[in-house]
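These notes are about the structure you will find just below.
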Amino acid sequence: MTQAPRGPLAGVRILDLSRVLAGPYCTTLLWELGAEVLKIEQPPHGDDMRAFPPFQNGESVFFASVNRGKRSLALNLKEEGDRRVFEALLDHADVLLENFRPGAMQKLGYDYDAIKDRYPALIYASISGFGQTGPYRDLPAYDLIVQALGGMISINGEEGGKGVRLGVSLGDLAAGVFAALAIAAALYERRGSGKGRSIDIAMLDVQTMLLESALVRQLASGETQRPTGSRHPVITPFDVFEAKDGRIAIAAANDHLFDALCDCIGRPAWKSDARYENIFARYANHAALKSDLEAALAARSVAEWVETLRAAGVPVAPIHDMAEVVKDPQLIARNMFVEVDDAEMGKLKMAGSAFKISGYEDSATRPPAPNLDEARRDVLAELGLPEEEKRARVKQDEKPHLW
């Protein structure tokens, strides 16, 4: 029986040479949109992320979360036999994704310029720290390095304090999202042109595009943003405040919402107070307003304020930790936690898909991530390669132990 397509990219075949996070996250997004992903891993250990905690029954749950649904084939692209396999795969691929340091694919003879004439319809996507050009091109990069150079650390942290790294690997994740968007756009263009493209995604470039207001103000007025805690740098009140029994997030981003907030907390006089009467005055007096707001909020609990403010249409939320996030009824209703039945690890829970597209089922389950090289027999059979190419490349008990 023919399987129903999972998404609008059904039939798109992706060769994924990437490892760790930015590239695998990109191809997970594309898989969620319906593409088929064959993960090409380096023998004998495969993707470094296979050794990243947490573990369940000796296997990495972290790896499983960003490689679900893919197939795995271990190839050493320095060996002639494996190069023949790889080139046979390129004959059938729509997209090649790699996130090696610039120059690595050229040394293997598989950079875009070397293969574009043989595979003219191939979309060739590269993710790296600094891109394929520029003075930083050859420097090594991780998320921390990109957040440091890209200014993200300098604007994140408690007000008046030193900057800190964001609590997620935004440099990797955002680069993966931008790469997926560029690949989807190139696939769309190819429907008419029949031609592939080279896509060059730099983590540092992406961080720059994410700086929004901080970069705008620097370029427009020379104002250099410093850490502002949870407070928005130009909108007030848009912050986290102390209530009677904990912290609460309130975002009154315009005069109408501020007026509603004043009525809810029993401070209607603030609406005509010269210090707070418009968005510019509130910004100029943000410290005084925060102090006054926390004095008013101290009268009731977070839960009481959330109920009152939501009823008045004021954007408000309690501060959830991860244990509360995974129990959130909105996320549960939106199928944002899916189940994976893995042969080695058993039942797993992981993030679902934010893509909700009409006509495609948003399943409550996902296939597991592949064991290293487990698709070898099937892939080589599909390619019609001779039997001698079907040699075992990886022993399954050869697992990395980096932690």
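Coordinate-derived values only; no laboratory data. Since this is a predicted model, take the numbers as computed values, not measurements. Cβ: placed from backbone, ideal geometry, glycine included. Neighbour counts: every protein chain shown.
Using only the Cα atoms of the chain, what semi-axes does the equivalent ellipsoid have when each is the square root of 5 times a gyration tensor eigenvalue? Give whole Å, largest first.
Over the Cα atoms of the chain, the ellipsoid semi-axes are 47, 25, 19 Å.
Using the Cβ atoms and a cut-off under 12 Å, what net charge is assigned to the surroundings of S198, where Lys and Arg are +1 and Asp and Glu are -1?
-1
Quick one: which of 137-146, 29-38, 57-66 comes out on top by average Cβ neighbours within 10 Å, and what's the full order, highest first?
Sorting 137-146, 29-38, 57-66 by mean packing, highest first, produces 29-38, 57-66, 137-146.
In nm, give the distance between the simple-model label positions of A10 and F55, each being 7 Å from the Cα along the Cα-to-Cβ direction.
Label-label distance for A10 and F55, simple model: 4.0 nm.
Would you work out which of G103, Q218, L90 lies farthest towards the positive end of the dipole of the chain, given +1 charges on the beta-carbon of Lys and Arg and -1 on that of Asp and Glu, about the Cα centre?
After comparing all options, I get Q218.
Starting from the Cα of S230, move 7 Å in the Cα-to-Cβ direction to define the label point; list residues of the stretch 249-293 whose amide nitrogen is under 11 Å from there.
Counting backbone N atoms under 11 Å from the label point, the list is 249-251.
Give the residues of the stretch 115-149 whose amide nitrogen is closer than 18 Å to a point set 7 Å from the Cα of R190 in the direction of its Cβ.
Residues passing the 18 Å test: 115-127.
Place the peptides 106-119, 362-375 in order of packing, highest mean first, counting for every residue the other Cβ atoms within 10 Å and averaging per peptide.
362-375, 106-119
Springs between alpha-carbon pairs under 10 angstrom, Gaussian network model over the chain: which of V340, V302, V12 fluctuates most?
V302
Pick from L122, L215, L15: which residue has the top mean-square fluctuation in a GNM of the chain where Cα pairs under 10 Å get a spring?
Evaluated over the chain, the most mobile residue of the options is L215.
Counting only the backbone N, which residues of the stretch 66-99 are under 16 Å from the spot 7 Å out from the Cα of E374 toward its beta-carbon?
66-74
Express in whole angstrom the spacing between the alpha-carbon centres of the stretch 161-220 and the stretch 299-360.
Computed from Cα coordinates, the inter-centre distance equals 26 Å.
Using R₀ = 22 Å, calculate the FRET efficiency as 1/(1 + (r/R₀)^6) where r is the Cβ-Cβ separation of V240 and R275; round to 0.05.
0.55
When only C-alpha pairs under 8 Å and at least 6 residues apart count, what is the relative contact order of the chain, in percent?
Once normalised by length, the contact order is 19 percent.
Pick out which of G384, G229, G196 has the largest mean-square fluctuation in a Gaussian network model of the chain, springs linking Cα atoms closer than 10 Å.
G384
How do the peptides 20-26, 354-360 rank, highest first, by the average count of neighbouring beta carbon atoms within 10 Å per residue?
20-26, 354-360
Restricting to bridges with both residues inside the chain, how much of the DSSP beta-bridge set is antiparallel, in percent to the nearest 5?
In the chain, approximately 40 percent of DSSP beta bridges are antiparallel ones.
Suppose the chain between Q3 and R165 were pulled fully straight at 0.36 nm per residue; how much longer would it get relative to their current alpha carbon spacing?
54.0 nm
Which lysines have a Cα less than 24 Å from the Cα of K244, not counting those fewer than 8 places away in the same chain?
K271, K290, K327
Measuring from centroid to centroid over Cα atoms, what is the spacing of the stretch 255-274 and the stretch 86-130 in Å?
With the stretch 255-274 and the stretch 86-130 each reduced to a Cα centre, they are spaced 59 Å.
Could you state the principal axis extents of the C-alpha atoms in the stretch 238-318, from the largest down, to the nearest angstrom?
Taking the Cα atoms of the stretch 238-318, the three principal extents are 30, 22, 18 Å.
Give the long-range amide H neighbours of A35: residues separated by 5 or more places, or on another chain, with amide H under 5 Å away, using H modelled in the peptide plane at 1.01 Å from N.
L9
Test of understanding: ordering M203, M322 by Cβ neighbours within 10 Å, fewest first, what list do you get?
Fewest-to-most Cβ neighbours within 10 Å comes out as M322, M203.
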